[in-house]
């Protein structure tokens, strides 16, 4: 047979020996599968986040290799971009935007972002209000209801104050768009009682609150669209959102903005421990 195929016997037997060995790409796909199996929501990992997860496990390959492997595994997701919903009023156009698209914070609880998003459920619309910490990308408090009135936003602030206390929140910037909920006297009173300083985006400038919008986009892409929320009741979706945010997003999910891909809570705890050692 070797003479017919015009190959050497040694080459033929070397091919037989190596044929059963898995290729590096096959080994990588096995590791990727293991990472996906660690948590149900890890199947939302894109190339960059998966590459970080591999590096955390001591596997160093290029993003291009990860992309090719994930493509072969059918794991490249199509992006969907949800739209914002709160509409700006024109009565407080002159109020200063204290954030000015600088979403970096040196300490926790210094720069906070907030917004509302809408989710269609089987029994009607569900509105989610959330507070985002620019320091580590952590969601600090949420409130959900079947309307998007100012009371929903006030409840979010009250939950924040209950969780962290006025002493820790005092002097923190609380940034949102210029929706009527946020410019109402009742909401401004709630901020003042919590020791928070209000900051508002420019009218029609969605990028002034980009990191908050980005979180909602992530939530919808990684969870809401995948569970077909419109087939579930509000109560069912509320429970799923709560678990996703406080169990997975804050504590497990790899963050593309924190050092080493640390999750928001892991980064906060690491930074706190490092500060104690340095002191």
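Laboratory data are not the source of any read-out in this text; all were calculated from the coordinates shown. Computed from a predicted model, the values in this text were never measured in an experiment. No Cβ is skipped: glycine too gets one built from the backbone with ideal geometry, and neighbour counts run over all protein chains shown.
Some points to look at:
- Residue in the stretch 262-270 that is in contact with a helix residue (DSSP H, G or I) (Cβ under 9 Å, 6 or more places away or on another chain), over 30 Å from residue 178 (Cβ atoms), free of Cβ contacts under 8 Å to residues at least 60 places away in the same chain and surrounded by fewer than 18 Cβ atoms within 10 Å (Cβ to Cβ) present: yes
- Within the stretch 220-243, one or more residues are part of a helix (DSSP H, G or I), within 17 Å of the chain's Cα centre (by Cα), free of Cβ contacts under 8 Å to residues at least 40 places away in the same chain and surrounded by fewer than 21 Cβ atoms within 10 Å (Cβ to Cβ).
- Only one of the numbered conditions (1) in contact with a strand residue (DSSP E or B) (Cβ under 7 Å, 6 or more places away or on another chain); (2) in a helix (DSSP H, G or I) is violated by residue 203, and that is (2).
- Test: residue in the stretch 179-195 that is part of a strand (DSSP E or B) and crowded, with 21+ Cβ neighbours inside 10 Å: yes
- Hey, residue 113 in contact with a helix residue (DSSP H, G or I) (Cβ under 6 Å, 6 or more places away or on another chain), more than 30 Å from residue 275 (Cα to Cα) and crowded, with 19+ Cβ neighbours inside 10 Å or not: no
- Residue 140 meets all of the listed conditions (1) surrounded by fewer than 19 Cβ atoms within 10 Å (Cβ to Cβ); (2) within 21 Å of residue 119 (Cα to Cα); (3) in contact with a strand residue (DSSP E or B) (Cβ under 8 Å, 6 or more places away or on another chain) but one, namely (1).
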